[in-house]
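This report concerns only the one structure given below.
The values are calculated or read from the model by the stated rules, or taken from the named source; none is laboratory data. Because the structure is a prediction, the values reported are computed rather than measured. All Cβ positions, glycine included, derive from the backbone under ideal geometry; neighbour counts span all protein chains shown.
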Amino acid sequence: MSEWKETELGLAPIDWLELTVNELVEMDIIYKPLDGNHGNIHPKGSDFVKSGIPFIMASDIKNGKVDILNCSFISQEQANALQKGFSITNDVLLTHKASLGRTAIVGNLKIPYIMLTPQVTYYRVKDYTKLSNVYLKYFFDSPAFQGVLENHGNSGSTRAYVGITAQRELPILLPDIEIQYAIASVLSSLDDKIDLLHRQNATLEKMAETLFKQWFVEEAKEEWEMGCIADICTHHKASVQPQKNPTKEYYHYSIPAFDNNKNLNVELGGAIQSNKYLVPQYCILFSKLNPHKDKRVWLLQNEVEDNSICSTEFQVVLPKKRTHLYFIHGWLSYSANYNEIASGVGGTSGSHQRIDPSIIFNFQCPIIDDIYIEKYNGTAEPLYQKTLINQAQICTLTQLRDTLLPKLMSGEVRVEI
């Protein structure tokens, strides 16, 4: 039976080392002041170009991935002017300002390097015989490390921030290299399965979009009368106050849950401080928050549990006839339609703009006979149902990974080598 020792990160097997970041990796962030007087040298605004060197911000690191396709870009000349922040394949990335603790590994690059905003640190393994970069990434994801990071980030500052000097002293719990690779293998195999299911769903969604376009755009019938969404849908606004039932469990469809691969949270009412909408089965959640920036249209089928609620940033679009669900989702999601709806944003805050719900429900929509809709459903429904099955598997695998992660990182669960 293993002997245990107390570390800054909790109990760990006696043969596991607790070292600092500085002892194991090379690391850096963009060097801020160029002349010591004004501004940062990292690009902003008009410096960005349509293509070039990816310039990675904290928002480009999500769900353990680096988005080098939809990020901002800078020119080679601009990159040459920067003194630091050049990140290469296999670097581990960690956000250390405002959005603390997001992680990713830089994948295979077709270009020599990517550039990082001052919100992101790269960690480059010095010696792969002592440290696995995949293990390091998952260690950074562990609740124990995230807790240490948060404590550093909140000390004496109104905005979460962990500077480069403090990062060098952050602790890493290090087992033998064989154990590191075994832990990394277990966790990465789960993430690979999750990623495969996400890619399958992306393909299914593209197929559904193509099918919708064929049936209702390319082959639209002249005899269809034009109405509006309100003619075939109800604006479902049943309100609930979860905080009045503090020990009751609620399935919470929130904006962060949507952004986190549609992994909704189960929360006690006492932890939910604001009013919500009740969520029925077979509906569509349409976000009124920053629709021109983030497209959030959430199709819900029969997976909706009792006590399901959603953020009031979502508007609940409930078809008057269940058979119209997939058509309405396709109509609201179709890029031309969605962009027209999203163009109606307003508000005084640049970061939080919203559309009035009436824009959604007054949006024009053809009134189509039930026979045609049911024929369409016969082809479309299997695609949507398969995405639902995949999403359930994603949630199960994600929960398994998140349960195993702290146990593997603490040594509570040991893996065979």
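Taking the criterion of being closer than 27 Å to Ser188 by Cβ and modelled with pLDDT under 90, the only residue of the range 128-151 that qualifies is Glu150. Residues of the range 393-414 include at least one that is touching a Phe, Trp or Tyr at 6+ places or on another chain (Cβ under 7 Å) and modelled with pLDDT under 95. Among residues of the range 337-356 that are closer than 14 Å to Glu313 by Cα, those with a beta-carbon under 9 Å from a residue that is at pLDDT below 80 and surrounded by 10 or more Cβ atoms within 10 Å (Cβ to Cβ) at least six positions away or on a different chain give the pairs Gln353/Gly347; Arg354/Gly347. Within the range 35-56, track down each residue that is within 20 Å of Glu77 (Cβ to Cβ), at pLDDT below 90 and not small (Gly, Ala, Ser). Within the range 35-56, Asp35, Asn40, Ile41, His42, Pro43, Lys44, Asp47 meet the criteria. Restricting to the range 118-135, give me the number of residues that are assigned to a loop (DSSP other than H, G, I, E, B) and out of contact with any helix residue (DSSP H, G or I) (no Cβ under 7 Å at 6 or more places or on another chain). Looking only at that region, the number is 3. Pairing residues of the range 57-77 that are modelled with pLDDT under 90 with residues that are surrounded by 16 or more Cβ atoms within 10 Å (Cβ to Cβ), at Cβ distances under 7 Å and at least 6 apart in sequence or on separate chains, gives Lys62/Arg102; Asn63/Asn261. Pairing residues of the range 253-266 that are at negative phi with residues that are among the basic types (Lys, Arg), at Cβ distances under 8 Å and at least 6 apart in sequence or on separate chains, gives Ile255/Arg296; Phe258/Arg296; Asp259/Lys62; Asp259/Arg296.
When the criteria are applied in full, Asn70 meets the requirement of being assigned to a loop (DSSP other than H, G, I, E, B), farther than 25 Å from Leu170 by Cα and assigned by TED's automatic domain parsing to the domain that holds Glu150. Could you say whether any residue in the range 374-389 is outside the structural domain of Tyr282 (by TED's automatic domain parsing), over 28 Å from the mean Cα position of the chain (by Cα), loosely packed, with under 14 Cβ neighbours inside 10 Å and not charged (D, E, K, R)? There is at least one residue in the range 374-389 that is outside the structural domain of Tyr282 (by TED's automatic domain parsing), over 28 Å from the mean Cα position of the chain (by Cα), loosely packed, with under 14 Cβ neighbours inside 10 Å and not charged (D, E, K, R). Looking only at the range 293-326, filter to residues that are of a type outside the set (Lys, Arg), assigned to a loop (DSSP other than H, G, I, E, B) and touching a helix residue (DSSP H, G or I) at 6+ places or on another chain (Cβ under 7 Å); which one of those is farthest from Asn339 (Cα to Cα)? Among those that are of a type outside the set (Lys, Arg), assigned to a loop (DSSP other than H, G, I, E, B) and touching a helix residue (DSSP H, G or I) at 6+ places or on another chain (Cβ under 7 Å), it is Glu303.
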